[in-house]
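Everything on this sheet refers to the single structure shown next.
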Amino acid sequence: MAKRRHEMMEENRAKLITAARKAFAEKGYAGASMDELTADVGLTRGALYHNFGDKRGLLAAVVNQIDGEMASRAKEIGARAENDWQGLLAEGIAYIEMALDPEVQRVVLLDGPAVLGDPSKWPSQSSCLHATRLTVERLLEAEVFKPVDAEAAARLLSGAALNAALWVAASDNPKEVLPKAIDAFRSMASGLLAAER
């Protein structure tokens, strides 16, 4: 009985996240109606409050899901590279390029920071930072990077990719800004190399 109740709660939670993801992407956070959203999935507003506390909590869950998918996509792209350095660069560039995706742009890069605050404090960003730090540590150990503090390098690389994506998303012409952001990210990251690669 308790197991079935738990499964129902998880189903309701998933339904709400899916509906909110669509609503936030199409109408933005401010324009999305929680009454419409809950009615669309056959649930009450009480289910929303029970699972997420409020609309802001629901946005946090949606942002966490999308940002997690962005990180997974970037990691997959990085894994195809020939070495850790090329992979690290490819991951950062892929993350920046995702700023052109309308859902990512509106939900994660525009509404997310406006409503949830500093993205570097989001759980999804913390896991990205951890993965970046592990790669940086390997690059330091292999003497691919100049001797530098691993945490500092990981934070600056992650922050640069995130801020470049935020810049692209918020600009009046994202497609024009994107190559500039990628070029600057590549140049900055290359400054960590012990020798030209």
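The values are calculated or read from the model by the stated rules, or taken from the named source; none is laboratory data. Remember, it's a predicted structure, so these values are computed and weren't measured experimentally. Cβ: placed from backbone, ideal geometry, glycine included. Neighbour counts: every protein chain shown. Just so you know, the surface numbers come from the protein's heavy atoms only, side chains and all, with ligands and any DNA or RNA stripped out. Shrake-Rupley method; radii C 1.70, N 1.55, O 1.52, S 1.80 Å.
Which one is nearest to Ala131 (Cα to Cα), of the residues in region 51-66 that are without any contact (Cβ under 8 Å) to a residue 40 or more places away in the chain and part of a helix (DSSP H, G or I)?
Gly57
Looking only at residues that are touching a residue at least 24 places away in the same chain (Cβ under 8 Å) and open to solvent by 70 Å² or more (accessible area, probe 1.4 Å) in region 1-29, which one is farthest from Leu116 (Cα to Cα)?
Per the criteria, the residue is Lys15.
Quick check on region 30-49. Is at least one of its residues under 22 Å from Gln125 (Cα atoms), assigned to a helix (DSSP H, G or I), open to solvent by less than 30 Å² (accessible area, probe 1.4 Å) and not β-branched (Val, Ile, Thr)?
Checked against the condition, which is being under 22 Å from Gln125 (Cα atoms), assigned to a helix (DSSP H, G or I), open to solvent by less than 30 Å² (accessible area, probe 1.4 Å) and not β-branched (Val, Ile, Thr), region 30-49 yields no hits at all.
Which residue, of Glu69, Glu76, is open to solvent by 90 Å² or more (accessible area, probe 1.4 Å) and part of a helix (DSSP H, G or I)?
Glu76
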